[in-house]
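The values are calculated or read from the model by the stated rules, or taken from the named source; none is laboratory data. Source: prediction; values computed, not measured. All Cβ positions, even for glycine, are placed from backbone atoms using ideal geometry, and neighbour counts span all protein chains on display. Quick note on the areas: whole protein, heavy atoms, side chains included, nothing else; ligands and nucleic acids left out. Shrake-Rupley method; radii C 1.70, N 1.55, O 1.52, S 1.80 Å.
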Amino acid sequence: MTTRFPGIRSLGTVTIAAMVLASVAVFAGPIAAVAQSTIRVIVNDTVITSHQIEQRARLLRLITRKSLGTARALAREELIDEALQLQEAKRRGYDVDDERVEAAYASIGRGVKLSPKQLTAALRRSGITPKTLKTRLKAQIGWGQLVQGRARSAVNIPEQEIISALKEKKPDEVREITYEYDLYQVIYVVPSNASNGFKAQQQRAANSTRASFRSCSSDLAGLRGKKDIVVKRIGIRLESDIRGEQRERLNETDVGRLSKPQEIGSGYEMIAVCDRKELKSNAAERSLIEDKLKDEESDLLARRYIRELRNNAVIIEK
């Protein structure tokens, strides 16, 4: 698994959640608050309460559409795993700050065309607090970083395995053309404590810059050093290095222009496409196959890792 530039790689299970959360407003009506919360599980020094299990079960019902009883059982096991994941991530120095969680929360909202406030309101209508989803996101991000760190040293796909997988592809399934991009990141910064007025001002400024931007060579220099604007070189990237939504943004952006502003944790991000070259080879397909094989190996590593943590943990269930 390769670390991409900011915002390029999606969050896997977070993306899945975004797709199904579109039904939040209609899938379940308001549910009365839990009258009393009791301790159900202790994982090392982390307490899991009946209220947390009930909240997570409601969220899982939206994602899995399983019965409430099944969702409660899944929620209990998921919260145990999460407690272990967060403990291990913190111990290894992969603690996730609130800004990163809020950015992921906002990303889910964008996936279902809701602002963070609208997503919060939709969740509350289903009896789910936003903290329930944010806690899940925090565990996913921290655990993902931790597993990725382990995978870099532990996961190595033999060249012959990649070649064999390529040979199994039908000729018409192998892409012979890929693109090489030269990219810069432009961020109109919005501090976490900024007013709504300043946020709107930065969004308007980003859109104005995008409309007038004509050339990386002439226009990027004018943005550097300006207050509340960050310009950072991303460098040369193959199309296969760019995932999902970001790839679509770049494909829609002409050379010498900026992509549409996208809200991220630190403000509004645009990507400057300074060059796009067409490459004729099977490099793109090869890279995709290698990534797929690495992801599969990393999933196995993650499952072994969590089993190891469970075996070594003190888990008291009540």
Problem - the range 292-318 residues that are over 30 Å from S240 (Cα atoms), paired with ones that are open to solvent by 70 Å² or more (accessible area, probe 1.4 Å) and among the basic types (K, R) (beta carbon under 6 Å, 6 or more apart) - result: K318/R40
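Please tell me if G267 is surrounded by 14 or more Cβ atoms within 10 Å (Cβ to Cβ) and over 22 Å from the mean Cα position of the chain (by Cα).
Here the answer is no, as G267 does not meet what is asked.
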Practice task
Could you check, for the range 251-263, whether at least one of its residues is polar (S, T, N, Q) and in contact with a Ser or Thr (Cβ under 6 Å, 6 or more places away or on another chain)?
Solution key: yes
Fill in the blank from the handout: The residue from R91, R58, R65 that alone is within 29 Å of G265 (Cβ to Cβ) and surrounded by fewer than 19 Cβ atoms within 10 Å (Cβ to Cβ) is R91
Exercise for the section: Report whether or not A75 is crowded, with 19+ Cβ neighbours inside 10 Å, in contact with a helix residue (DSSP H, G or I) (Cβ under 9 Å, 6 or more places away or on another chain) and at pLDDT 90 or above. Expected result: yes
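Quick grid of which residues meet (1) in contact (Cβ under 8 Å) with a residue 24 or more places away in the chain; (2) open to solvent by 80 Å² or more (accessible area, probe 1.4 Å):
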{"residue": "A200", "(1), (2)": "no, no"}
{"residue": "N207", "(1), (2)": "yes, no"}
{"residue": "F213", "(1), (2)": "yes, no"}
{"residue": "K226", "(1), (2)": "no, yes"}
Exercise for the section: Give the residues of the range 220-255 that are closer than 30 Å to R286 by Cα and assigned to a helix (DSSP H, G or I), sorted by residue number. Expected result: E239, S240, D241, G244, E245, Q246, R247, E248, R249, L250, N251
Exercise for the section: Could you tell me whether any residue of the range 153-160 is farther than 30 Å from N196 by Cα, modelled with pLDDT of 70 or more and aliphatic (A, V, I, L, M)? Expected result: no
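Yes/no per residue for (1) assigned to a loop (DSSP other than H, G, I, E, B); (2) over 16 Å from Y268 (Cα atoms); (3) modelled with pLDDT under 95:
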residue: R175; (1), (2), (3): yes, yes, yes
residue: Y181; (1), (2), (3): no, yes, yes
residue: S192; (1), (2), (3): yes, no, yes
residue: K199; (1), (2), (3): no, no, yes
residue: S218; (1), (2), (3): no, yes, yes
Practice task
Starting from the range 87-109, keep only residues that are in contact (Cβ under 8 Å) with a residue 60 or more places away in the chain and among the acidic types (D, E), then list their pairs with residues that are open to solvent by less than 100 Å² (accessible area, probe 1.4 Å) and not in a helix (DSSP H, G or I) whose Cβ atoms are within a distance under 7 Å, requiring at least 6 positions of separation or different chains.
Solution key: E99/G265; E102/G265
Completion exercise
Restricting attention to the range 70-115, the residues that are of a type in the set (S, T, N, Q) and either in a loop (DSSP other than H, G, I, E, B) or touching a Leu at 6+ places or on another chain (Cβ under 7 Å) (or both) number exactly 1
Exercise for the section: Output yes when any residue across the range 132-149 is more than 29 Å from S50 (Cβ to Cβ), open to solvent by less than 30 Å² (accessible area, probe 1.4 Å) and modelled with pLDDT under 90, and no when none is. Expected result: yes
Practice task
Specify the residue that is modelled with the highest pLDDT; the eligible residues are those in the range 277-318 that are open to solvent by 70 Å² or more (accessible area, probe 1.4 Å) and touching a strand residue (DSSP E or B) at 6+ places or on another chain (Cβ under 7 Å).
Solution key: I316
